[in-house]
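Worksheet: one structure, shown below.
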Amino acid sequence: MSRLSGGLIYSIALALVWGVAYPLTRMAEAYASPMVISVVRVGAASLLMYPLARRLILNSRMLIVSVLNMGLFLVLINMSILYSPNPGLAALMIYTQPLFVAVFEWLMLKRRLSLMRIGGVLLGFMGVAVASLSSLSLSLGVVVGLMAGLLWGLGTVLYSMWFRDVNPLVANASSSVLSIPVTALALPIDPALSLTIKGILLILLVVLDAQVLGFMLWFKAISSERPSTVSSILLLTPILALYFSALMIKSSVTPLEVVGAVITIIGLFMVVKSS
């Protein structure tokens with residue numbers, strides 16, 4: 001299997017896995033706050049991943065990418081899901097990340113931006129703006145989601161620069177361990193937790209789906225392909241999240257969200273074509 005086909009397979013599989021994670025997380029938030037879910041995700045993933053990795057990378061660079069790609073990102077993503085009217089809309093805001101990756105690649109890696117790529121980035125932002133109009137206001141969930149997309153975009157490029165050749169098991173375990181203090185610091189904001197069998201099972205599903213399997217696929221994809229290519233393919237995730245949210249938790253999908261998603265996807269394809 002070529003590196004290109006492998007990266008595509010990892011990215012598409014990841015879009016499916018993380019698309020399901022959004023409604024799962026929204027369901028789990030009926031039993032635990034976003035802050036609790038974030039701590040449990042990295043804590044449980046550390047326990048599961050370290051025995052497989054059998055070593056950790058603990059240095060300043062790994063700390064930076066861990067905070068951007070996992071620790072702070074998890075806190076923001078869960079808050080975005082909680083404060084958005086639809087978890088699929090939260091996903092759409094967060095997956096402006098490919099647009100930020102294109103900009104950071106240009107600024108940090110000195111990769112030239114063609115007119116088509118610039119047009120795709122601008123069109124993508126236009127799609128996000130259209131989708132945001134569905135709530136008739138710039139909600140907190142939208143703002144937090146955009147912030148998560150920005151920081152994740154920066155972290156993606158930095159990880160590709162510094163740790164592209166690191167074993168994904170080691171990268172996942174290291175990032176999970178280093179993210180524990182970050183998520184724990186946010187825990188006092190909302191420590192709500194209701195221990196029921198259903199709640200525990202839902203949180204466990206989020207850990208296995210989004211954290212263990214999801215980030216394993218993400219690290220594999222980033223190790224196989226250019227960050228902007230992987231990130232652009234992952235823009236399928238909010239579209240899948242809208243579908244899975246309607247299917248699993250009966251969230252409504254407004255016409256503006258559909259139009260915004262379509263515009264964003266067109267921008268995505270322009271970015272990919274210009275790569």
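Observations on the structure shown:
- For segment 101-127 and segment 223-241, distance of Cα centres in Å: 15
- Two-site FRET efficiency, Phe269 against Leu109, from Cβ-Cβ distance with R₀ of 22 Å, rounded to 0.05: 0.50
- At q = 0.30 Å⁻¹, base-10 log of I(q)/I(0) for segment 156-209 (Debye sum, equal scatterers on each alpha carbon): -1.13
- Cα radius of gyration and Dmax for the chain (Å): 17.4, 54
- Note on the chain: helix-only mean residue ellipticity at 222 nm, from DSSP H runs of 4+ residues weighted -39500 (n - 2.57) and normalised by residue number, equals -24500 deg cm²/dmol.
- Descending by average beta-carbon neighbour count within 10 Å, the peptides 257-268, 95-106 line up as 95-106, 257-268, the highest first.
- When the solvent-accessible area of segment 206-259 is split by element, carbon and sulfur atoms take up 75 percent of it, the probe being 1.4 Å.
- Mean separation of Cα contacts under 8 Å (6+ apart) over length of the chain, as relative contact order %: 43
- Look at the dipole of the chain built from charges on Cβ: of Met49, Pro227, Leu154, the Cα furthest out on the positive end belongs to Pro227.
- The residues of the chain have, on average, 42 Å² of accessible surface per residue, using a 1.4 Å probe with all protein chains present.
The values are calculated or read from the model by the stated rules, or taken from the named source; none is laboratory data. What you see is a predicted model; the values in this text were computed from it and never measured. Note: ideal-geometry Cβ built from the backbone for every residue, glycine included; neighbour counts use all protein chains shown. Calculation scope for accessible area: heavy atoms of the full protein, side chains included, ligands and nucleic acids excluded. Shrake-Rupley method; radii C 1.70, N 1.55, O 1.52, S 1.80 Å.
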